[in-house]
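Only one structure is covered here, and it is reproduced in the block below.
The values are calculated or read from the model by the stated rules, or taken from the named source; none is laboratory data. Computed from a predicted model, the values in this text were never measured in an experiment. Here the Cβ is made from the backbone with ideal geometry for all residues, glycine too, and neighbour counts use every protein chain on show. The accessibility values were calculated without ligands, DNA or RNA, using every heavy atom of the protein model including side chains. Shrake-Rupley method; radii C 1.70, N 1.55, O 1.52, S 1.80 Å.
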Amino acid sequence: MRRKGKKELTWKRVYKANQRAIKLIYTHYPKMVLSRLIYTVWTALTPYVGIYCSALIIGELAGGKDAGKLAELVLFTLIIEAAIAFVSALLLKWQNSEGGGMYQYFQIQQIFTKKLLDMDFVKIDEEKTHEMLSSIEQYQNGGGWGLISLIRCYEVVLSSVFTFLGGITLTVSLFTSTVPESAGAYQMLNHPLFIALIIFVMLAVTWLSPVLATKAGEYWAKNADKHNQENRIFRFYSFFGHRPEIAADVRIYRQDLIGAKNMVLKTGVFESKGLFAGYARGPMGFYNAASAAVSVLFTGVIYLFVCLKAWAGAFGIGSVTQYAASVTKAASGLSSLIEIAGTMRNNTFFLEKTFEFLDIPNPMYQGSLTVEKRRDRDYEVEFRNVSFQYPGSTSYALKNVSMKFRIGERLAVVGRNGSGKTTFIKLLCRLYDPTEGEILLNGINIRKYNYLDYLSIFSVVFQDFKLFSFPLGQNVAASCSYDKEQVISSLQKAGFGERLSELPDGTETYLYKDFSENGVDISGGEAQKIALARSLYKDSPFIILDEPTAALDPVAEADIYTRFNEVVGDKTAIYISHRLSSCQFCDEIAVFDNGEIVQQGSHEKLVEDEEGKYYELWRAQAQYYTE
């Protein structure tokens, strides 16, 4: 397979990609890989024991018919088959216990999840990263390409090799056994040239069948991108009815009609007049049919050769059973090996796409200094001439920002949408590094601190925060184990105390009903209080609140503001809000506009400047409270 803009797909490249992939999976799940591959080898070899024993029994029945010897052969066969069944059961149990049955989804997803968790936020935040991962998942779920098929490919390789070797072992005597002179013209079957011709025909037919099948499979691989796009459309529209969050809109605006139209188009990639249907009626169908026909031709050649030698007296009826079964299995092993080699070749492109994702570098410098855990929480943060451009952008999201704030202060960050408020917070938390300038913690550039250690001093309630369908206590503590009293205290400070008293299982009550029938659904305002409680439970010296009361009703919002100092305590609070009336309790207000801090001071000071941006924003909102 060759794609535009890609170098030639050599077998060396195929080998390197597949070897790296199997090492990757083995590194994560060594016992799972070993259990599956050992079981595969065992199941490939054991059928030949039955074939050999059966040939001995049939040979004795057709020849000497010695009852004693028959009894011994039957008993031996039963004991061997019982032992094989016992070992097979043990190996299968080992395979299942190592998660072999979950490999298709869970274990591969863990590899991607681990990569995402280790990835710098700057890379996670890029659209390209998510597009790449989405394509990989579509290749995986739609066509079964990529890592998802790798273990299966290696299982087929091992099975094919050992099936072929086992078959050859029991087949060698087919070609070395000679037809007696009394057979007359049939003695030609002993001629080396005739034997060479038969072997050549067998190998040629064995090679041709999988090659044709691989050619058919290439049409799926070459059109994987079209397959992905159609699969995305199918998944999106086919799950309309499964998404309660859009159910009202779907019904009010009859958006189901859009879905229905996209699901019944006859020209869709998978439909009767679509791309793959055309291939199936044309070249892909031809290659598959030719592959099946060649496979049947091989069976005919095998039976003809074996029967002719048996008819001529080269061996008895028992050997006919052995040779017919062994040669067929040996050929199927070789054929399967050739076919899987083609599949692995087609899969190389998708493995390389996976490696492209897994090889995304982490560009952020990882410092080594430990953030001092001060009992007095005496921290000072300084932005010194900080400017920032998002990757790929030519304009500045922040420009020449300089400011200081110390522990215990209440800082409000205000401004219109797109003024740089969220970018300011991302830089403070070191989700991004400044393009220019530096950010200092107690006089030291934050890049020099251990990254995870630095993150530990921040508690953040993001505007698009997420809660999980776990017990309430685990959501607040962000941990499976937690201090119950501290959880309750944090929830009460966040204004969730009254609702907590109504929950059937207290802090052990599941949020939502995904994992428990007794789970409770919570409103947006209640979720925001739980998120606020989570930030309090972490007890970090800095707490950042991004529109923390946006989903609260006016009474609950007023209650939070009234108790704000109690809620925040001695922490430094950075408060982002569009509601300027809620910023009056802050010590300092930073006004952002077009990526710059255009004003800074208390509410009283800023509102006196009638020419300033803060006064403009304040007057625009104040009319709704004064009229």
Q) Given 0.36 nm per residue, what is the gain on full extension from I317 to L455 after removing their alpha carbon distance, in nm? A) 41.9 nm
Q. Which aspartates and glutamates does K215 reach when only Cα atoms under 13 Å apart count, and residues fewer than 8 places away in its own chain are ignored?
A. E339
Q: Calculate the spin-label point distance for N518 paired with E566, positioning each point 7 Å from the Cα along the beta-carbon direction, and give it in nanometres.
A: 3.1
Q: Report the full-extension gain for the segment E131 to E596: residue separation times 0.36 nm, less the Cα-Cα distance, to one decimal in nm.
A: 164.2 nm
**Q.** Euclidean distance of C-alpha centroids, segment 367-417 and segment 197-215, integer Å
**A.** 69
**Q.** Cut-off under 5 Å, modelled amide H: who pairs with E596 long-range
**A.** K399
Q: Pull out the extension gain between K65 and K605, defined as 0.36 nm times the separation in residues minus the alpha carbon to alpha carbon distance; nm, one decimal.
A: 183.0 nm
Q) Beyond 16 Å, what percent of the Cα pairs of segment 166-209 remain? A) 49
Q: Select from Q366, Y39, Y29 the residue farthest towards the positive end of the dipole of the chain; place +1 on Cβ of Lys and Arg, -1 on Cβ of Asp and Glu, and compute about the Cα centre.
A: Y39
Q: Enumerate the amide H contacts of G408 below 5 Å, restricted to partners 5 or more residues apart or on another chain; note that Pro and chain-start residues carry no placed amide H.
A: T572, A573
Q) For the chain, what's the relative contact order in percent, using C-alpha pairs closer than 8 Å and at least 6 residues apart? A) 14
Q) Which shape class, rounded, prolate or oblate, goes with the chain when its Cα gyration tensor gives a ≥ b ≥ c as root eigenvalues, a/c under 1.5 marks rounded, and past that a/b bigger than b/c marks prolate? A) prolate
Q | Pairwise Cα inverse-distance average, inverted: Kirkwood Rh of segment 388-485 (Å) | A | 16.1
Q) Can you put E596, E8 in order of accessible area, largest first, using a 1.4 Å probe? A) E8, E596
Q. Structure shown: which of K115/K513; K23/K353; K493/K571 lie over 22 Å apart, alpha-carbon to alpha-carbon?
A. K115/K513
